[in-house]
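Asker: Could you have a look at this structure, given as structure tokens, before my questions?
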Amino acid sequence: MKLEIAVLPGDGIGPEVTDQAIKVLKAIALEFDHMFKFRIADVGAVAIDNYGVPLPEQTLTLCASSDAILFGAIGHPKYDNDPSAKVRPEQGLLKLRKELGLFANIRPVKAYDTLLDKSPLKRHIIEGVDISIYRELTGGIYFGKKELSGDGNMASDLCQYSREEIERITHLAFEAAQNRRGKVTLVDKANVLETSRLWRKVVTEIAKQYSDVEMDFLFVDNAAMQMILNPKQFDVILTENLFGDIISDEASVIGGSIGLLASASVGKKYAMFEPVHGSFPQAKNKGIANPIASILSAALLLEHFELFNEAQMIRIAVDKSLKLHISTPDINANYDTISTSKVGDFIEDFIHN
Ligand code: GGG
């Protein structure tokens, strides 16, 4: 297969983890006789430095003319503590999702057998956990009108959802559940929020078309607690933008590190693959960033193009690396530390052998 992949490494540890994913994809291309072409562009703080905007026109054009996008991470501390900053790295990612219509962010969460004792949660609670989170990505409070009063003492962010925005991701979530354990949990705050009540109404209607899928609802505060108390009850979690962002970071504790959590963002036409983690600036260029989330995002990219054997090869290599403690310090505290690129080298070698 021939694939043109736009690569947006971004900021902080983004470039170093993305390098490892590219290394692994190149190994897959060689072993399985594919042709992957990588074209790199700026996004985030690095794009602001180079072009004055977080998503330059040429980056967007490149993404729109590629088969898929491999994204690293964005964010820079100099913007975090500056409330007056007019441009921010994160705007690049949000604009990219909106412009390309990437409305569903799929975040698989699983407990790795070899890391069961790494999680602060008890082994019997997390053993066997396998959740797929469907986070709505182009609506809600992230994209509603934002206002700050003239005196700077009042601010608002509008949370808005349309029926159509809810419907399209709901169908994806139910289709996913049909191929999994047949359950969708809608996470909302319908006792308080009007948008959540619309979500419940629309999801309940759509659920009738999927009689083989069980559906339940949880308020987000309860869902946050259930994720720690009894995560095995979840199969597919369907939720809006902000709740999905928070719940999935919480769920990463089950796997043992957010450095293991990959994601796919899909729309009607485009697809982007990125680690769930951010730019982790403190770790930049120290060789301590975990590349597995980025490498597993590459596996999701392959699955998107139905290259299942290739993706499976990456997953087996990742499992093996974890089993042998070929891991970065976030999950390897009791063993010798392995650098970001050494983890990538191990997975690359495994694929070649
Ligand atoms: N790789 C994910 C990343 O860079 N996240 C940084 C961020 O600001 N994300 C906002 C969001 O996911 O909503």
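Asker: What number, in percent, do you get for the relative contact order of the chain if the mean sequence gap of Cα pairs under 8 Å and at least 6 apart is divided by its residue count?
Answerer: Relative contact order of the chain: 22 percent.
Asker: Any chance you could get the radius of gyration and Dmax over the Cα atoms of region 154-285, in Å?
Answerer: Cα radius of gyration and Dmax of region 154-285 are 15.8, 51 Å respectively.
Asker: Would you kindly state how much longer the chain becomes between E127 and K146 on full extension, computed as 0.36 nm times their sequence separation minus their alpha carbon distance, in nm to one decimal?
Answerer: Full extension of this stretch gives 2.6 nm more.
Asker: With each run of n ≥ 4 DSSP H residues scored as -39500 (n - 2.57), what mean residue ellipticity at 222 nm is computed for the chain after dividing by its residue count and rounding to the nearest 500 deg cm²/dmol?
Answerer: -13000 deg cm²/dmol
Asker: Here's another thing I want to ask about it. For the pair K26/K95, report the inter-label distance in nm, with labels modelled 7 Å from Cα in the Cβ direction.
Answerer: Between K26 and K95, the simple spin-label model gives 3.1 nm.
Asker: Using label points projected 7 Å from each Cα along Cα→Cβ, tell me how many nm separate N179 and D345, to one decimal.
Answerer: Taking the simple label geometry, N179 and D345 are separated by 3.6 nm.
Asker: Let me check against my output: what whole-number percent is the relative contact order of region 22-93, with C-alpha pairs under 8 Å and at least 6 apart?
Answerer: 33
Asker: Sort 147-155, 317-325 by packing, meaning the average of other beta carbons within 10 Å per residue, with the highest value first.
Answerer: 317-325, 147-155
Asker: Turning to a different aspect of this structure: For region 119-255, what proportion of DSSP beta bridges, expressed in % and rounded to the nearest 5, is antiparallel?
Answerer: Of the beta bridges lying entirely in region 119-255, close to 20 percent run antiparallel.
Asker: Something else: Once the piece of chain linking Y335 and Q160 is laid out straight, how much longer is it, given 0.36 nm per residue of separation minus the C-alpha distance between them?
Answerer: Using 0.36 nm per residue and subtracting the Cα-Cα distance, I get 58.2 nm.
Asker: Kindly put E303, E165, E274 in sequence by how many other C-beta atoms sit within 10 Å of each C-beta, fewest to most.
Answerer: Ascending number of Cβ neighbours within 10 Å: E303, E165, E274.
Asker: Further question on the same structure: To the nearest 0.05, how large is the calculated FRET efficiency for D212 and L242 if R₀ is 25 Å and r is the Cβ-Cβ distance?
Answerer: The pair D212/L242 has a calculated efficiency of 0.25.
Asker: Taking a ≥ b ≥ c as the square roots of the eigenvalues of the Cα gyration tensor of region 250-353, is the shape rounded (a/c under 1.5), prolate (a/b larger than b/c) or oblate?
Answerer: Oblate, since a/c reaches 1.5 and b/c is not below a/b.
Asker: Another question, if that's okay. Subtract the Cα-Cα distance of R315 and V192 from 0.36 nm times their separation in residues, and report this length gain in nm to one decimal.
Answerer: Full-extension gain reported as 40.2 nm.
Asker: Taking the Cα centre of the chain as origin, work out the dipole magnitude from +1 charges on Lys and Arg Cβ and -1 charges on Asp and Glu Cβ, in debye rounded to 20.
Answerer: Dipole about the Cα centre, nearest 20: 200 debye.
Asker: Another one. Averaging sequence separations of C-alpha pairs under 8 Å and six or more residues apart, then dividing by the length of region 119-255, give the relative contact order as a whole percent.
Answerer: Contact order relative to length: 39 percent.
Asker: About the Cα centre of region 119-255, how large is the charge dipole given +1 on each Lys and Arg Cβ and -1 on each Asp and Glu Cβ? Please answer in debye to the nearest 20.
Answerer: 300
Asker: So which GluC sites (Glu not before Pro) in region 79-131 are both in a DSSP loop and have at most 14 other Cβ atoms within 10 Å of their Cβ?
Answerer: E127
Asker: In the chain, what percentage of the DSSP-assigned beta bridges are antiparallel, given to the nearest 5?
Answerer: Antiparallel: roughly 40 percent of the beta bridges in the chain.
Asker: Is the C-alpha gyration tensor of the chain telling us rounded, prolate or oblate? Criteria: a/c under 1.5 is rounded; beyond that, a/b larger than b/c is prolate, otherwise oblate.
Answerer: rounded
Asker: For L238, enumerate residues with amide H under 5 Å from its amide H, sequence gap 5+ or separate chain, H modeled in the peptide plane.
Answerer: Y134, T185, L186, V187
Asker: A follow-up question, please. Cross-link partners among aspartates and glutamates for K269, C-alpha distance below 14 Å, same-chain residues fewer than 8 apart left out?
Answerer: Here the aspartates and glutamates satisfying the reach criterion relative to K269 are D67, E99.
Read-outs throughout are calculated quantities, based only on the coordinates presented, and are distinct from any laboratory measurement. Because the structure is predicted, anything quoted here is derived from the model rather than measured. When we count neighbours, we look across all protein chains shown, and the Cβ atoms used for this are built from the backbone with ideal geometry, even at glycine.
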